[in-house]
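Structure first, commentary second.
The values are calculated or read from the model by the stated rules, or taken from the named source; none is laboratory data. Being a predicted model, the structure only gives us computed values, none of them experimental. Cβ placement follows ideal geometry from the backbone for every residue including glycine, while neighbour counts extend to all protein chains displayed.
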Amino acid sequence: MTAVLPGVPESVFTYGAPQVKFGSGASEEIGFDLSQYGVRRVLVVTDPGVAATGHPQRVADQMAQFGIEAQVWDGAHVEPTDVSLQEAIDAARASGPWDAYVAVGGGSAIDTAKAINLLTTNPGELMDYINVPVGGGKAPVNPLRPLVAVPTTTGTGSESTTICVMDVLSLKVKTGISHTRLRPTLAVIDPDLTRTQPAGVTAASGMDILCHALESYTARWYTTNSKKQAQQRVPYCGSNPISDMWSEKAMALLAGSFRTAVKNGEDLQARSDMALAATFAGMGFGNAGVHIPHANAYPIAGQVKDFHPKDYPSHEPMVPHGMSVSLTAPEAFRFTFDSNPERHVRAAELLAPGAARPSDLAEFLPGVLADLLRDIDIPNGIGAVGFLEGDVPQLVEGTMKQQRLLATCPKDVTEDDIARIFTRSLQLW
Ligand SMILES: NC(=O)c1ccc[n+]([C@@H]2O[C@H](COP(=O)([O-])OP(=O)(O)OC[C@H]3O[C@@H](n4cnc5c(N)ncnc54)[C@H](O)[C@@H]3O)[C@@H](O)[C@H]2O)c1
Ligand SMILES: [Zn+2]
């Protein structure tokens, strides 16, 4: 059932990652780290919720002893839009020039800093660089400035990836910018900063880790793509021996820490393992790619009606990224099972060590996922976040626009397949 093999199979895969500093107290060394780049003015990018924890200001305060002037800008929008990113770029241009950027926050703050960095070092406007067909898909011509990414959620892995995700408001579509130059120069992962994450954020962003690991582990194998020329290579190349290692290890770490981190945020071992899992999964999916659950997440988030999740800003409706990714995951992996049964079973065993295998192995991974979703209080399917059966055609239309992601799916996928996945995800248990 795997997708048809190409005439000349790919024989090359690639792997990229930032420099990493990990561990309790790592965020106290950023002043020194930046001084090594000879910078004098640094902008610290964050959002209001993270700013309220005091972490960004503490990071900024270390700079003075190294002769660096640092300012905190806390205007990042939770789940960035083209409009919010433009505001961020305008603010940075007005207060610049800046020699380096530090992002302190979740994927929202880190992706905002990536956009600021791109548009304060390169000509043109945001739309020129957004993926085609929405934007011009232009590549940066100039190098970017040093960007230090300091994640405060345990989720996106944006500290190690080459992408910046945004909602384009006028088109109601989520898309992004993807280029190797967007990858942060240094990822500083300090689990102590993640302790203040509320349970609802820990649950949703943790499901993002899990889906990154699972989708890249089950992505089509790199040799099943057609051979590319050197100039055609993109960061995502399909599952491969290196991304597999990161994905497997991320799943094993999640098995031992996810439920604990949601139920007891003060458990430092669980927080540390979640932070490691997020980074490992980022290193896996940032090179292999993701497929159906992420493709479905874009319309789920973009077409939200009136859902206000616990522990997120309440002034506008939203389905947070990790939640939107998780809601169709059990059905998506029921669909992809026959492309590689062994991998699906292995993933279920990594996520739920010691769990009994059901007689129908296709049900193993969906069952493990549904149990977890229920335990960590994720809504019971897309129906529980406000979608009805009549919304399915429009959701399918949104998913089919994500061809870049669907190309990573381990088997060919049709509109009818996606419609079935959405319909069966209206209620998961
Ligand atoms: N670039 C990538 O590789 C990539 C990958 C996946 C997702 N994303 C994007 O990242 C965004 C989601 O990021 P996220 O899930 O990390 O969450 P987030 O950055 O949107 O933050 C979620 C909420 O948690 C709060 N928060 C974050 N850390 C906190 C802390 N330590 N203490 C208290 N409150 C805290 C924030 O203020 C915010 O209200 C989405 O826009 C998504 O599309 C990017
Ligand atoms: Zn994601």
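Here are some notes:
Matching residues to (1) within 30 Å of residue 22 (Cα to Cα); (2) touching a Lys or Arg at 6+ places or on another chain (Cβ under 7 Å); (3) within 10 Å of ligand 1 (Cβ to nearest atom):
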{"site": "94", "(1), (2), (3)": "no, no, no"}
{"site": "109", "(1), (2), (3)": "yes, no, yes"}
{"site": "118", "(1), (2), (3)": "yes, no, no"}
{"site": "136", "(1), (2), (3)": "no, no, no"}
{"site": "141", "(1), (2), (3)": "no, no, no"}
{"site": "148", "(1), (2), (3)": "yes, no, no"}
{"site": "157", "(1), (2), (3)": "yes, no, yes"}
{"site": "162", "(1), (2), (3)": "yes, yes, yes"}
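- Any chance residue 46 is of a type in the set (S, T, N, Q), surrounded by fewer than 17 Cβ atoms within 10 Å (Cβ to Cβ) and within 25 Å of the chain's Cα centre (by Cα): no
- Here residue 387 fulfils each of the conditions (1) touching a residue at least 60 places away in the same chain (Cβ under 8 Å); (2) more than 20 Å from residue 301 (Cβ to Cβ); (3) aromatic (Phe, Trp, Tyr) apart from (2).
- Count - residues of region 308-330 that are surrounded by 24 or more Cβ atoms within 10 Å (Cβ to Cβ) and more than 16 Å from ligand 2 (Cβ to nearest atom): 1
- Residues that are within 18 Å of residue 301 (Cβ to Cβ) and either more than 16 Å from ligand 2 (Cβ to nearest atom) or more than 17 Å from the chain's Cα centre (by Cα) (or both) within region 78-111 comprise 81, 82, 83, 84, 85, listed in sequence order.
- Any hit, region 64-74, residues being without any contact (Cβ under 8 Å) to a residue 60 or more places away in the chain and within 12 Å of ligand 1 (Cβ to nearest atom): yes
- Selection count, region 339-361, where residues are of a type in the set (D, E, K, R) and either modelled with pLDDT under 95 or more than 26 Å from the chain's Cα centre (by Cα) (or both): 2
- Boolean, residue 252 is part of a helix (DSSP H, G or I), among the hydrophobic types (A, V, I, L, M, F, W, C) and buried (at least 19 other Cβ atoms within 10 Å of the Cβ): no
- Scanning region 386-405 for residues that are out of contact with any Phe, Trp or Tyr (no Cβ under 9 Å at 6 or more places or on another chain) and either part of a loop (DSSP other than H, G, I, E, B) or surrounded by 18 or more Cβ atoms within 10 Å (Cβ to Cβ) (or both) yields one hit, 388.
- Within region 49-77, considering residues that are within 21 Å of the chain's Cα centre (by Cα), of a type in the set (Gly, Ala, Ser) and part of a loop (DSSP other than H, G, I, E, B), the one surrounded by the fewest Cβ atoms within 10 Å (Cβ to Cβ): 75
- Among the residues of this structure, residue 304 does not count as one that is surrounded by 24 or more Cβ atoms within 10 Å (Cβ to Cβ) and either within 13 Å of ligand 2 (Cβ to nearest atom) or hydrophobic (A, V, I, L, M, F, W, C) (or both).
- Here region 141-159 is the region considered, the condition is being part of a loop (DSSP other than H, G, I, E, B) and crowded, with 24+ Cβ neighbours inside 10 Å, and the residue that is farthest from ligand 2 (Cβ to nearest atom) is 152.
- Residue in region 168-179 that is at pLDDT below 95, in a loop (DSSP other than H, G, I, E, B), in contact with a Cys (Cβ under 8 Å, 6 or more places away or on another chain) and away from ligand 2 (no atom under 15 Å from the Cβ) present: no
- Taken as a whole, the condition of being over 28 Å from residue 375 (Cβ atoms) and of a type in the set (Lys, Arg) does not apply to residue 195.
- Scanning region 219-256 for residues that are closer than 14 Å to residue 351 by Cβ and either touching a Leu at 6+ places or on another chain (Cβ under 9 Å) or within 15 Å of ligand 1 (Cβ to nearest atom) (or both) yields 247, 248, 249, 250, 251, 252, 253, 254, 255.
- Taken over region 9-35, the criterion of being touching a strand residue (DSSP E or B) at 6+ places or on another chain (Cβ under 9 Å) and in a helix (DSSP H, G or I) is satisfied by 26, 27, 29, 30, 31, 33, 34.
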